[in-house]
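For reference, the structure is listed below as structure tokens.
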Amino acid sequence: MKKRIIAIILTVFCLFFQSLSSHGFAFRYQKYQVKELPYQYDSLEPYIDEETMILHHDKHYQTYVNNLNTALDKHPELYEYSLADLLKDTDSLPKDISDAVINNGGGVYNHEFFFDIMTPKKTNLSGNLKSAITRDFGSLDNFKSEFSKAALSVFGSGWAWLVSDSDGKLSIITTKNQDNPISLNLKPIIGIDVWEHAYYLKYKNERSKYIDNWFNLINWDKALTNYSENPK
């Protein structure tokens with residue numbers, strides 16, 4: 001009888017331990033998920049149309065998330081790291097998934113940043129970001145002009161960014177495909193997607209018109225937070 005009781009206790013203990021381990025594994029290696037937009041699909045009209053936002057968020061961004069998880073499934077221990085940490089140290093990525101993480105992880109990071117830096121609400125440049133833009137570009141108008149030139153200069157697909165270095169100095173850079181500033185040890189403050197899927201349904205080949213209208217959507221409050229979080 002005692003042996004039977006001990007056997008039952010051991011069995012229950014083993015099942016309980018396996019359950020904890022299973023839940024611990026799932027929690028520890030939680031896969032990336034698509035984040036909801038911070039506004040409705042049609043909220044950015046008339047500057048970005050609803051159909052574009054559905055395609056951009058539900059198809060393109062979703063695909064990057066799926067492909068990133070597929071790559072990381074081959075090395076699930078990498079789920080322990082934040083996406084930013086993975087992209088900041090791409091040289092340390094396993095060779096067999098390095099390109100996939102750079103391309104798809106970059107796609108996830110860039111799109112989440114892009115969706116968050118837009119808002120249907122009216123916001124204004126303010127605070128130390130306003131001072132920094134005046135210091136480094138002369139005026140907001142000069143910044144917009146330089147930023148537009150950079151976004152227009154991207155050949156094919158890519159991004160234009162307002163970035164800050166560790167001293168708080170601002171500059172404008174472009175990246176190809178899904179490359180991003182954090183891989184260059186720079187802090188993104190504002191970023192515009194100039195892949196054709198971001199604007200072609202509405203603007204066709206008129207990228208310049210898309211860029212000009214996009215300035216109406218910048219969430220300057222979020223940009224200020226991005227800049228203020230940068231160590232000086």
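Figures for the structure shown
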| item | result |
| --- | --- |
| Gain upon complete extension [Asp141, Ser82; 0.36 nm per residue less C-alpha separation] | 17.7 nm |
| Integer Hz, Karplus 6.51/-1.76/1.60 couplings in order for the range 77-91, x for Gly and Pro | 4, 6, 5, 5, 8, 6, 4, 4, 5, 5, 7, 6, 9, 5, 5 |
| Tilt relative to the chain, helix 106-116 - C-alpha long axis, 0 to 90 degrees, to 10 | 60 |
| Acute angle (nearest 10 degrees) that the helix 62-72 long axis makes with the longest principal axis of the chain, alpha-carbon atoms | 50 |
| Max mean-square fluctuation residue, GNM over the chain, Cα-Cα springs under 10 Å, options Asp49, Asp141, Asp116 | Asp141 |
| D (Stokes-Einstein, µm²/s), Kirkwood Cα radius, the chain, 1.567 mPa s at 4 °C | 66 |
| Interchain or long-range residues, amide H under 5 Å from Met118's placed H | Asn219 |
| FRET efficiency, 1/(1 + (r/R0)^6) with R0 22 Å, evaluated for Thr70 and Glu196 via beta carbons | 0.35 |
| Gain upon complete extension [Lys59, Asn124; 0.36 nm per residue less C-alpha separation] | 20.3 nm |
| CD proxy at 222 nm, helix term only [per DSSP H run n ≥ 4: -39500 (n - 2.57); per residue of the chain; nearest 500] | -13500 deg cm²/dmol |
| Relative intensity, log₁₀ I(q)/I(0), of the range 127-228 from a Debye sum that treats every alpha carbon as a point, q = 0.22 Å⁻¹ | -1.22 |
| Hz values of 3J(HN,Hα) by residue in the range 48-53 - Karplus curve (6.51, -1.76, 1.60), Gly and Pro given as x | 10, 7, 4, 4, 5, 5 |
| Asp99 versus Asn185: modelled label distance in nm, points set 7 Å from Cα along the beta carbon direction | 2.7 |
| Under the Karplus curve 6.51 cos²θ - 1.76 cosθ + 1.60, θ = phi - 60°, whole-Hz ³J(HN,Hα) for the range 198-212, x wherever Gly or Pro sits | 7, 8, 5, 4, 9, 9, 6, 8, 8, 4, 4, 5, 4, 5, 4 |
| Acute angle (nearest 10 degrees) that the helix 2-28 long axis makes with the longest principal axis of the chain, alpha-carbon atoms | 10 |
| Charge dipole of the range 127-228 about the Cα centre (unit charges at C-beta), most positive-ward option of Gly138, Ile189, Tyr200 | Tyr200 |
| Under-5 Å amide H pairs with Ile190, H placed in peptide plane, nonlocal only | Leu162 |
| Restricting the range 41-95 to trypsin sites (Lys or Arg not before Pro) in coil, as DSSP defines it, with at most 11 other Cβ within 10 Å | Lys74, Lys95 |
| Among the listed pairs Lys59/Lys222; Lys74/Lys176; Lys59/Lys209; Lys121/Lys222; Lys122/Lys209, those beyond 22 Å (Cα-Cα) | Lys59/Lys222; Lys74/Lys176; Lys59/Lys209 |
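Bear in mind that the values in this text are calculations on the coordinates, not laboratory data. For clarity, every value in this text was computed on a predicted model and none was experimentally measured. Note: ideal-geometry Cβ built from the backbone for every residue, glycine included; neighbour counts use all protein chains shown.
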